[in-house]
Amino acid sequence: MTAERSEGGYRRVLLKLGGEMFGGGAVGVDPDVVHSVAAQIAGVVRTGVQMAVVIGGGNYFRGAELSQRGMDRDRADYMAMLGTVMNCLALQDFMEKEGIPTRVQSAITMGQVAEPYVPRRAERHLEKGRVVIFAAGVGMPYFSTDTAAAQRALEIGCDAVLMAKAVDGVYTADPKSDPNAEMFHEITHREVLERGLRVADATAFSLCMDNNMPIIVFNLLTEGNIARAVSGERIGTLVSTPAGLPSA
């Protein structure tokens, strides 16, 4: 698995989307936002790229936040997983309106709306040109959808994780609150962890570091950025472990 961005781009990628973006900053789903994301993904898939998607559920629930308010953490996390399923079904609907065949695979069994998560079946769908949307995280409490994205990407043989954010990449500090924050164009997994940069949870970055899985952090709100990231264009921040350096 290479950490380099080639001129030809990536063949199979996993796109991680934050649930907050699906809500347009509010509770629930903003159809205009989901339609825009679906159109971008469809444009990439039509070029022959195989794409899987993991979506967060922050526009509905956040397990960690609910537990801080007194709710049992296990139950709060399961509620958050169900929120991701609603987001996945919304994206599936808009993807199919774009003419792109789509399958939702859930880590929690719910046969009426989604297939169970079966890695080899997911790979087969991708080979047939279908977009696979992974719902319900990894199906267990205490694990975020960031970790689910890393795990699924590794298990189905993706070339990279595309982490779509509302900022341009990885910064030295939060650019919304610190005007002096500087953006990294390239950084290693280890540096992200050692600096405590809040891009995704540490478990996800550790998993990618240990398995040399590159992560591209970029701004989803810029039209066409998904296609740019997939094609290997230098946008956002490339997080990787250079050849010759130990991953752990």
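The values are calculated or read from the model by the stated rules, or taken from the named source; none is laboratory data. Remember, it's a predicted structure, so these values are computed and weren't measured experimentally. Note that each Cβ is placed from the backbone with ideal geometry, even for glycine, and that neighbours are counted across all protein chains shown. All accessible areas refer to the heavy atoms of the entire protein, side chains included, with ligands and DNA or RNA removed. Shrake-Rupley method; radii C 1.70, N 1.55, O 1.52, S 1.80 Å.
Could you tell me the accessible area of residue 128 in Å² (1.4 Å probe, neighbours in place), rounded to the nearest ten?
For residue 128, solvent-accessible area is about 110 Å².
For segment 98-222, take the alpha-carbon Rg, divide it by the Kirkwood Rh, and send me Rg/Rh.
Result for segment 98-222 is an Rg/Rh of 1.01.
Long-range amide H contacts for residue 106: which residues qualify at under 5 Å (H placed 1.01 Å from N, peptide plane, sequence gap of 5 or more or a different chain)?
Result for residue 106 returns 115, 117, 135.
Can you tell me the FRET efficiency between residue 112 and residue 11 if r is taken as the Cβ-Cβ distance and R0 is 51 Å, rounded to the nearest 0.05?
Efficiency for this residue pair is about 0.95.
Please state the shape class of segment 23-75: rounded when a/c is under 1.5, otherwise prolate if a/b exceeds b/c and oblate if not, all from the C-alpha gyration tensor.
oblate
Say we join alpha carbon atoms closer than 10 Å with springs in a Gaussian network model of the chain; which of 145, 222, 84 then has the biggest fluctuation?
In this elastic network of the chain, the residue with the biggest mean-square fluctuation among 145, 222, 84 is 222.
Mind ranking 125, 35, 185 by accessible surface for me, highest first, 1.4 Å probe?
Heavy-atom accessible area, descending, gives 185, 35, 125.
Helix by helix, which DSSP H runs in the chain go 18 Å or more along their axis at the Cα atoms and have an average Kyte-Doolittle hydropathy of -1.0 or more?
Within the chain the helices that satisfy the rule are 31-45, 73-97.
Report for the chain the percent antiparallel among DSSP-assigned beta bridges with both residues inside it, nearest 5.
15 percent
Name the residues whose placed amide hydrogens come within less than 5 Å of the amide hydrogen of residue 173, ignoring near sequence neighbours (fewer than 5 apart) on the same chain.
182
Taking 0.36 nm per residue of sequence separation and subtracting the Cα-Cα distance, how much length would be gained by fully extending the chain between residue 203 and residue 166, in nm to one decimal?
Value of the extension gain: 11.2 nm.
Over segment 85-221, what is the relative contact order in whole percent, taking alpha-carbon pairs under 8 Å and six or more residues apart?
Relative contact order here is 21 percent.
Go through segment 102-155 and name the chymotrypsin sites (Phe, Trp or Tyr not before Pro) that are in a DSSP coil and have 15 or fewer other Cβ atoms within 10 Å of their Cβ.
Counting only loop positions with at most 15 other Cβ atoms within 10 Å, the chymotrypsin sites (Phe, Trp or Tyr not before Pro) in segment 102-155 are 142.
Points 7 angstrom from Cα along the Cβ direction at residue 174 and residue 72: gap in nanometres?
Spacing of the two 7 Å Cα→Cβ label points: 3.2 nm.
Once Rh is set to the Kirkwood radius over Cα pairs, what Stokes-Einstein translational diffusion coefficient, in µm²/s, holds for segment 160-248 at a temperature of 4 °C and a viscosity of 1.567 mPa s?
Numbers: Rh = 13.2 Å.
Once the numbers are plugged in, D ends up at 98 µm²/s.
Using protein chains only and a probe of 1.4 angstrom, how many square angstrom of residue 183 are accessible, to the nearest 10?
Accessible area of residue 183: about 60 Å².
Given springs between every Cα pair under 10 Å in a Gaussian network model of the chain, which of 71, 86, 213 has the largest fluctuation?
Top of the fluctuation ranking is 71.
Compute the semi-axes of the equivalent ellipsoid of the chain, taking the square root of 5 times each eigenvalue of the Cα gyration tensor, and list them largest first in whole Å.
After scaling each eigenvalue by five and taking roots: 25, 22, 18 Å.
Quick one: if the Förster radius is 30 Å, what FRET efficiency do residue 223 and residue 89 give, using the C-beta to C-beta distance and rounding to 0.05?
0.75
Just the number: Rg to Rh for segment 1-137, Cα atoms, Kirkwood Rh, two decimals.
In segment 1-137, Rg relative to Rh is 1.00.
Give me the extension gain from residue 46 to residue 211: residue separation times 0.36 nm, minus the current Cα-Cα distance, reported in nm with one decimal.
Between residue 46 and residue 211, full extension yields 56.5 nm more.
To make sure I understand the rule: partners must be lysines, Cα under 22 Å from the Cα of residue 176, and not fewer than 8 residues away in the same chain. Which ones qualify?
The reachable lysines, counting only those whose Cα sits under 22 Å from residue 176, are 16, 165.
Top mean-square fluctuation among 52, 38, 26, Gaussian network model of the chain, C-alpha springs under 10 Å?
26
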